[in-house]
């Protein structure tokens with residue numbers, strides 16, 4: 001039985017360094033969506049309109065949610081307040 005824990009802990013410093021270098025123009029298709037980043041922050045593995053849809057897509061790809069970093073990508077044209 002799986003413990004639900006990732007096989008390798010996510011290196012938060014590596015993730016943040018790579019995530020911060022991800023080009024903003026490549027995020028535009030994901031504005032207003034939940035995304036799952038690779039553990040190293042170099043690519044988006046899946047996206048969805050909400051967490052439920054995101055996790056369904058991860059399951060279809062056979063990716064455990066504990067092996068990715070999820071984030072909401074805000075649409076700069078929308079006020080969330």
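Gaussian network model of the chain, Cα springs within a sub-10 Å range: biggest mean-square fluctuation belongs to which of 25, 67, 56?
Of the options given, 25 has the highest mean-square fluctuation.
Between residue 80 and residue 42, what length in nm is gained on full extension when 0.36 nm per residue of separation is reduced by their alpha carbon distance?
11.0 nm
If I model a spin label at residue 56 and residue 16 as a point 7 Å from the Cα along the Cα→Cβ vector, what separation in nanometres do I get?
Between residue 56 and residue 16, the simple spin-label model gives 3.4 nm.
List the relative contact order of segment 12-73 as a percent without decimals, with contacts defined as Cα pairs under 8 Å and 6+ residues apart.
35 percent
Which option, (1) 45, 27, 23; (2) 35, 26, 21; (3) 31, 28, 20, is the value of Cα extents along the principal axes in Å that was calculated from these coordinates?
Only one option fits the structure, namely (1).
For a quick check: sort 58, 13, 27 by the number of other beta carbons within 10 angstrom, fewest at the front. Numbers along the way, then the final one.
Numbers: 58 19, 13 9, 27 15.
Starting with the residue having the fewest Cβ neighbours, the order is 13, 27, 58.
We did not get these values from a lab; they are worked out from the coordinates using the rules stated. Everything quoted here is computed from the prediction, not taken from an experiment. Here Cβ is always computed from backbone atoms with ideal geometry, including for glycine, and neighbour counts include all displayed protein chains.
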